[in-house]
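Visitor: First, the structure itself, so that you have it in front of you.
The values are calculated or read from the model by the stated rules, or taken from the named source; none is laboratory data. Nothing here was measured: the structure is a model prediction, and the numbers come from that model. Cβ coordinates were reconstructed from backbone atoms using ideal geometry, including for glycine residues, and neighbour counts include every protein chain displayed. These area figures cover heavy atoms from the full protein model, side chains too; ligands, DNA and RNA do not enter into them. Shrake-Rupley method; radii C 1.70, N 1.55, O 1.52, S 1.80 Å.
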Amino acid sequence: RLASGETVLIRYPRHQELPCPHRELPVLYEDEALLAVNKPAPFLCHPTDKIQNNTVTAVLKRQFPGQSLRLAHRLDRETSGVLLLAKDAKMARALAGLFLARRVRKEYLALVCGRISWRRMSVDAPLGREGLGIKVRQGVGGSAPSRTEFERVAAGRGVCLVRARPLTGRLHQIRVHLAHLGHPVLGDKLYTGRGELYMKAVRKTLTEADLAALGAARQMLHAQSLRLTHPATNRELCLTAALPEDFQRLLEEAGIPWP
């Protein structure tokens with residue numbers, strides 16, 4: 001029991017983190033107002049209760065000391081590619097307005113399972129929590145309007161390379177829509193099957209056979225480009241991130257040429 005005026009101090013155990021594998025992140029663009037980096041995967045954008053130093057914001061704080069960088073958007077831990085940040089609160093609000101108004105054009109590349117018969121596909125399917133016992137898992141059939149345009153870029157051995165343009169910004173939108181089409185992203189533990197491999201990953205019981213079934217150690221989704229009007233200069237800005245080595249290696253193994 002507590003009495004009025006008493007103070008309660010709760011101490012959370014400090015988790016021992018592995019050394020951060022990234023001393024700095026590749027800069028794609030920088031000016032007085034904006035910074036864009038090529039986010040590696042798997043790598044968190046921001047700290048959690050268990051991970052503090054192995055995050056984009058922690059690395060950039062060390063890489064750009066004294067600067068107050070703010071994330072304009074986020075990428076999933078296992079998604080690589082263009083990540084945009086603002087250098088002050090005013091610019092952060094301006095970017096938030098652009099994203100909210102859907103005035104930022106985003107393009108992703110995804111390696112997906114199976115052979116795709118269509119050339120182009122538009123998916124207009126509202127999303128929401130799926131309710132299958134995995135809190136973060138989303139599913140088609142919710143109340144949040146969600147639309148993604150897909151284009152088949154190339155087909156390889158058992159996989160296809162797809163370009164995705166999300167027209168809304170829902171949680172896991174591209175991954176859910178691709179799974180809904182029957183072509184989950186290669187390596188996506190959460191949306192392959194009913195999420196059984198995601199739970200095994202959480203419990204750290206994934207086997208080599210599980211990884212072989214997934215086709216990749218992490219989800220093969222890459223934020224290739226962002227296109228927007230610069231809030232400070234009103235000039236069009238196009239930011240592009242090169243494919244990471246693991247993505248290129250899987251393309252090569254599938255027999256899909258890439259420049």
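Visitor: Condition check: of a type in the set (Gly, Ala, Ser), at pLDDT 95 or above and either open to solvent by 10 Å² or more (accessible area, probe 1.4 Å) or at positive phi (or both). Does ALA92 satisfy that?
Guide: Values: of a type in the set (Gly, Ala, Ser): yes; at pLDDT 95 or above: yes; either open to solvent by 10 Å² or more (accessible area, probe 1.4 Å) or at positive phi (or both): yes.
Against the criterion (of a type in the set (Gly, Ala, Ser), at pLDDT 95 or above and either open to solvent by 10 Å² or more (accessible area, probe 1.4 Å) or at positive phi (or both)), ALA92 qualifies.
Visitor: Something else now. If you go through the stretch 200-216, how many residues are more than 16 Å from ILE134 (Cβ to Cβ), of a type in the set (A, V, I, L, M, F, W, C) and assigned to a helix (DSSP H, G or I)?
Guide: Total satisfying the criteria: 5.
Visitor: Filter the stretch 217-250 for residues that are touching a helix residue (DSSP H, G or I) at 6+ places or on another chain (Cβ under 8 Å) and not in a loop (DSSP other than H, G, I, E, B); which is nearest to TYR191 (Cα to Cα)?
Guide: Filtering first and then ranking leaves LEU221.
Visitor: Also, quick follow-up: Between a first residue in the stretch 30-42 that is closer than 17 Å to LEU226 by Cβ and among the β-branched types (Val, Ile, Thr) and a second residue that is open to solvent by less than 30 Å² (accessible area, probe 1.4 Å) and assigned to a strand (DSSP E or B), which pairs have beta carbons less than 7 Å apart while being 6 or more apart in sequence or on different chains?
Guide: Close Cβ pairs satisfying both conditions: VAL37/LEU83.
Visitor: Continuing with the same structure: Within the stretch 46-83, which residues are assigned to a helix (DSSP H, G or I) and hydrophobic (A, V, I, L, M, F, W, C)?
Guide: The answer is VAL56, ALA58, VAL59, LEU60.
Visitor: Please work out which residue is farthest from ASP246 (Cα to Cα), limiting yourself to the stretch 197-224 and to residues that are crowded, with 17+ Cβ neighbours inside 10 Å, of a type in the set (Gly, Ala, Ser) and within 18 Å of the chain's Cα centre (by Cα).
Guide: Taking the candidates together, the pick is ALA223.
Visitor: Take the residues in the stretch 177-196 that are in a helix (DSSP H, G or I) and over 21 Å from LEU226 (Cα atoms); name whichever of them is least open to solvent (accessible area, probe 1.4 Å).
Guide: Within the stretch 177-196, the match that is least open to solvent (accessible area, probe 1.4 Å) is ALA179.
Visitor: Are there any pairs with C-beta distances below 9 angstrom linking a residue in the stretch 108-129 that is open to solvent by 50 Å² or more (accessible area, probe 1.4 Å) to a residue that is among the hydroxyl-bearing types (Ser, Thr, Tyr) and not in a loop (DSSP other than H, G, I, E, B), with the two at least 6 apart or on different chains, and if so which?
Guide: Pairs that qualify, where the first residue is open to solvent by 50 Å² or more (accessible area, probe 1.4 Å) and the partner is among the hydroxyl-bearing types (Ser, Thr, Tyr) and not in a loop (DSSP other than H, G, I, E, B), are MET121/THR148; SER122/THR148; ASP124/THR148.
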